[in-house]
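This report refers to the structure that appears directly beneath it.
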Amino acid sequence: MSSLKTFSFFLFCLALVSAVKEVDIELAYKLLVQQVVKNNGLIQTRVDDCQISCPAGSRLLQKPNHQFSSNGCGSYNINVDFSVLNMNEFNQCCDVHDFCYETCSETKKRCDSSFDRCLTGYCNKWAIEYNWYSWQKTTCSSVVKLMTLAVENLGCSTYKSSQLNACYCS
């Protein structure tokens, strides 16, 4: 699907979700699309081999006094505070994802997959809790897809710097 058709589909979905009051998925979607457009889209630069390696005979270990940190749901000038949209659970998924990137035994791929499952789980929960229509579920899934694409395609340098900050070879 072309970028214009994809963007048109997203705008169509936005027009349909105006009935959602409990969780403001419409505004979440709008904010993410605005951020992606402002930053020239999600460049397809997926790095399948995004890892930190130690020299032969040593392994990656957690720094003893490392303090885990999170920047919330954002990086690369894309930042959304989901708590203002009654979607604080998405912020929690982002925090866990950031902590995962700083965990020496975790791969980027595992962290990103867990992130996707966390976000998708909340979409499914809200769909039941708020009796969403299929287009509302689709919009929430689109938000998850945008967020997952962002970490998969843009997250390698963040993963590596988080690993270097939190881990050492021994």
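Summary of values
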| quantity | calculated |
| --- | --- |
| Pairs where the first residue, in the range 22-39, is more than 14 Å from M147 (Cβ to Cβ) and the second is in a helix (DSSP H, G or I) and at pLDDT 70 or above, C-beta under 6 Å, 6+ apart | V23/W126; D24/L85; L27/L85 |
| Residue within the range 105-120 that is of a type in the set (G, A, S) and in contact with a strand residue (DSSP E or B) (Cβ under 9 Å, 6 or more places away or on another chain) present | yes |
| Members of the range 133-148 found to be more than 15 Å from L31 (Cα to Cα) and of a type in the set (K, R), listed by number | K137 |
| Options K108, K145; residue that is of a type outside the set (S, T, N, Q) and free of Cβ contacts under 8 Å to residues at least 24 places away in the same chain | K145 |
| Unmet requirement for L42, which otherwise passes all of (1) modelled with pLDDT under 70; (2) touching a Ser or Thr at 6+ places or on another chain (Cβ under 9 Å); (3) part of a loop (DSSP other than H, G, I, E, B) | (2) |
| Residue among V84, V96 that is assigned to a helix (DSSP H, G or I) and either closer than 16 Å to Y29 by Cα or free of Cβ contacts under 8 Å to residues at least 12 places away in the same chain (or both) | V84 |
| Hey, C50 at pLDDT 95 or above and surrounded by 14 or more Cβ atoms within 10 Å (Cβ to Cβ) or not | no |
| Cross-chain or 6+ apart pairs with Cβ under 6 Å, the range 59-71 first and farther than 20 Å from C169 by Cβ, then not in a loop (DSSP other than H, G, I, E, B) | S70/D95; S70/D98 |
| The range 123-139, subset assigned to a helix (DSSP H, G or I) and touching a Phe, Trp or Tyr at 6+ places or on another chain (Cβ under 7 Å), residue farthest from Q92 (Cα to Cα) | T139 |
| Some residue of the range 68-75 being assigned to a loop (DSSP other than H, G, I, E, B), touching a Lys or Arg at 6+ places or on another chain (Cβ under 9 Å), closer than 16 Å to L149 by Cα and modelled with pLDDT of 75 or more | no |
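Yes/no matrix, rows are residues, columns are (1) crowded, with 21+ Cβ neighbours inside 10 Å; (2) over 17 Å from G72 (Cα atoms):
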| site | (1), (2) |
| --- | --- |
| E89 | no, no |
| Q92 | no, no |
| R110 | no, yes |
| D116 | no, no |
| T120 | no, yes |
| K125 | no, yes |
| Q136 | yes, yes |
| S141 | no, yes |
| K160 | no, yes |
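The values are calculated or read from the model by the stated rules, or taken from the named source; none is laboratory data. Keep in mind the model is a prediction, meaning the values are calculated, not measured. No Cβ is skipped: glycine too gets one built from the backbone with ideal geometry, and neighbour counts run over all protein chains shown.
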